[in-house]
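Visitor: Can you keep this structure in mind? I'll have questions shortly.
Derivation of every value follows stated rules applied to the coordinates shown; laboratory data play no part. Computed from a predicted structure; not experimentally measured. No Cβ is skipped: glycine too gets one built from the backbone with ideal geometry, and neighbour counts run over all protein chains shown.
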Amino acid sequence: GNDPNAAEYWPSRVAPAQYVAMLTAAYPRIKEVYPEAAVIFGGLQSCNTSFPTGSAKPINVDAVMYLRNCYQRGIKGFYDILAYHPLSMSTRQIPKPAAPNARTIAEADRLRGILSTYGDTEIPMYWTAV
């Protein structure tokens, strides 16, 4: 479930509905076996919304749009931590991403806004892949 909003990591195309289906099926099973486990929403990649021309998988989805889409499909209550990859322009074609910057910090604030909109203000956000 890493980078679920990035086309290079999803089997067919970026598919929030499939990701929500996977997480809503897995979460109760994980908690049943290991109630103390922290289920982490796969790290949303801060990325440009399209790969360079000629890429085999040309479409990524903005992290904020992706998270909103997942909430609209019922993700609330099926994860404990939101992971965010604040890399800037991180793709196969751009191998050296920039460090977190004003754009990625603003994007993290917008992700927090989505959590707030859906009443998940207590969900922690881990910055991973920094």
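Visitor: Taking H as built 1.01 Å from N, whose amide H comes closer than 5 Å to the amide H of Y126, not counting residues under 5 places away?
Guide: L82, A83, Y84
Visitor: Tell me, what HN-Hα J-couplings in whole Hz come from the Karplus equation 6.51 cos²θ - 1.76 cosθ + 1.60 at θ = phi - 60° for each residue of segment 117-123, using x for Gly and Pro?
Guide: Residue by residue, segment 117-123 yields 4, 9, x, 10, 5, 8, 5 Hz.
Visitor: Ok, one more. Just grab the label-to-label distance for S116 and Q72, each label 7 Å out from Cα along the Cβ direction, in nm (one decimal).
Guide: 2.1 nm
Visitor: Further question on the same structure: What is the distance, in nm, between label points placed 7 Å from the Cα along the Cα-to-Cβ direction at A26 and at I81?
Guide: Label at A26, label at I81, 1.4 nm between them.
Visitor: Collect residues whose amide H, placed 1.01 Å from N in the peptide plane, falls under 5 Å from the amide H of N5; neighbours closer than 5 in sequence don't count.
Guide: Q45
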